[in-house]
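Read through the structure below, which is laid out as structure tokens, and then see the notes.
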Amino acid sequence: MALATALAPAAQAAEYGTGPWVKGYTDIFGGIVPPQPGLYVRNDAYHYEGEVGATIFDGNVQLGVEERHLADILALTYVTPWKIVGGTYAVAVAPSIVQMNVDVGATISGLTFTGPRDLRTFHIPSLTVSAADHELAQGDTAFAPLVLGWN
């Protein structure tokens, strides 16, 4: 066991333990091809929002990050009347539109200190820095040219 552990490669993970895929996403009927030919349309909208803040140096430095994520996925599945090896043949495509908004800000409170021998007092004013990025773009498109279902 110790030898296997020592020779094992380093573990790898996506940043912050997450990946770009929507968690729990499935296609129409969760793996079942509808028995009737036709076009099946489903629209999924996802919204995630979160923020984190930190106080550093007894409240003198603050950091805040806010993130908002919107995604719209239009899943189109066309079920044909054709059979392949006894299964109903279908084709599916799911394009997406994604919007990300990220705001980051930092505030450093003003400092006042006195020089040597109390000859001079120095004051450093408060400093606030903020940045934001907003992006609307086409996301990943899933395409399944061969979907078979046996009903």
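Please treat every number below as a calculation from the coordinates, not as lab data. Owing to the predicted nature of the structure, the values given are computational and were not obtained by experimental measurement.
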Requested in this report: Just need the relative contact order of segment 34-149 here, percent rounded to a whole number, with Cα pairs under 8 Å and 6+ apart.
Outcome: 26
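At 4 °C and a viscosity of 1.567 mPa s, what translational diffusion coefficient does Stokes-Einstein give for segment 48-151, taking Rh as the Kirkwood radius over Cα pairs? Give it in µm²/s as a whole number. Before the final figure, lay out each step's value.
Working: Rh = 19.0 Å.
The diffusion coefficient I find is 68 µm²/s.
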